[in-house]
Amino acid sequence: RMSFVPVASGFAQSLRIELEQADPQNFAKEARIVADQMRELQKKTEENQLNQAKVQDKIPLIVIDPGHGGPDFGAVGLNNIAEKDVVLAFAKTLREKIEQSGLFRAALTRDGDVFIPLRERIRIARSQGAVLFISIHADRIPNAAEVKGITIYTNADKATDAEAALLAESENRADLMGGEDTEALREEVTDILEDLAKRETRMKSGLFARTLLGRMESMGQSINKNPIRSAGFRVLRAPDIPSVLLELGYLSSQADVKFLTDPQSRDKMGQEVADAIFRYFALNPVP
Ligand code: ZN
């Protein structure tokens, strides 16, 4: 029997343990019952955890990657609006829309205003077995207030145009902010199997990009003149996960800033991107 006994001075308490003589046979019996119950409980808990893990495993995971964060503001546009904040707000909305479906799980590479190196973003997606990786960004072009709308980028060794090449360069620069060793990020020479896997991943990325564009177009979103482009984006280099980079719009455009900072528009666009994901996987089921 145990009891706490207050001590006269200070905050201390003394613990009193009283021992009683127990009947050895009874004690052994009771101990056995308790042990059996504990084992049963332990088994049930383990089974539950296993079942839960199995269910979780079966629901495919989409990883959403809000660009920049922490000391890296990304593009800073009209009204001093920072890309890192715009993309995080959108990523959270998209996560909600995906999770609501019950068809997919969604996770963010960053949930707050923190810096995460590009390679780490890919590692997060790969370690959790993501089936799709969507990096969210917002662009800015100085002295071109009329340029606006959504652009979808995929990874390629050769950029489709000069603007895409410039954008990739500027997005890749994110790592310099955190002192990341960019030399180590250089793509290594790979074997032929990995090369094939990469090619397939690129094909799927292109397919998803077109599905996404189709959805946005049919819903009347503001689309950039040249809406699907490619360049050497480091963050899209997971060899085995289809990856796209979605530029939500231009922070140098009055219309886009208005749209991107309005919670209702964000909600609508989040739903459209989620619907594009569901459509893509309805046509290209997860293996
Ligand atoms: Zn960006």
Q: Work out how much length E146 to N79 would gain on full extension: take 0.36 nm times their residue separation and subtract the Cα-Cα distance, in nm to one decimal.
A: 22.5 nm
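Rounded to the nearest 500 deg cm²/dmol, what is the calculated helix-only ellipticity per residue at 222 nm for the chain, with -39500 (n - 2.57) per DSSP H run of length n ≥ 4? Mind showing how you got there, number by number?
Values: 8 runs with 134 residues, N = 287.
After summing the helix terms and dividing by the residues of the chain, the value is -15500 deg cm²/dmol.
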Q | For the stretch 61-76 versus the stretch 216-287, the gap between their alpha-carbon centres in whole angstrom | A | 14
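So, with +1 on the Cβ of K and R and -1 on the Cβ of D and E, and no other charges, what is the size of the charge dipole of the chain about its Cα centre, to the nearest 20 debye?
On the way: 38 positive and 43 negative charges, 133 e Å.
Result for the chain is approximately 640 debye, rounded to the nearest 20.
Stretched out fully, how many nm does the piece from Q42 to K268 gain, at 0.36 nm a residue minus the Cα gap? Mind showing how you got there, number by number?
On the way: separation 226, 0.36 × 226 = 81.36 nm, distance 4.59 nm.
Working it through step by step, the gained length comes to 76.8 nm.
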**Q.** Protection proxy ranking of 221-234, 132-145, 61-74 - average other beta-carbon atoms within 10 Å, highest first
**A.** 61-74, 132-145, 221-234
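Want the number for Q49 to S170: 0.36 nm per residue separation, take away the alpha-carbon distance, what's left?
Gain on extension, Q49 to S170, equals 39.2 nm.
Averaging over all projection directions, find the projected area of the Cα convex hull of the chain and quote it in nm² with one decimal place. Could the numbers behind the result be given before it?
Working: hull surface 101.0 nm².
Its Cα hull, projected and averaged over all orientations, spans 25.2 nm².
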Q. Which ³J(HN,Hα) values in Hz, rounded to whole numbers, follow from the phi angles of the stretch 250-255 under the Karplus curve 6.51 cos²θ - 1.76 cosθ + 1.60, where θ = phi - 60° and Gly and Pro get x?
A. 10, 6, 8, 9, 4, 4
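Give me the percent of the accessible area of the chain that comes from carbon and sulfur atoms, probe 1.4 Å, all protein chains in place. Write out the running numbers ahead of the final one.
Values: 8950 of 16630 Å².
For the chain, the apolar C and S fraction of the accessible surface comes to 54 percent.
Using r as the Cβ-Cβ distance of K225 and K58, and R0 as 41 Å, what FRET efficiency do you calculate, to the nearest 0.05? It would help to have the intermediate numbers written out before the result.
Values: r = 41 Å, r/R0 = 1.01.
For K225 and K58, the calculated efficiency is 0.50.
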**Q.** D161 versus Q128: modelled label distance in nm, points set 7 Å from Cα along the beta carbon direction
**A.** 3.4
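The values are calculated or read from the model by the stated rules, or taken from the named source; none is laboratory data. Fair warning: this is a prediction, and the values are worked out from it, not measured in the lab. When we count neighbours, we look across all protein chains shown, and the Cβ atoms used for this are built from the backbone with ideal geometry, even at glycine. Remember, those area values only see protein heavy atoms, side chains included, never the ligands or the DNA or RNA. Shrake-Rupley method; radii C 1.70, N 1.55, O 1.52, S 1.80 Å.
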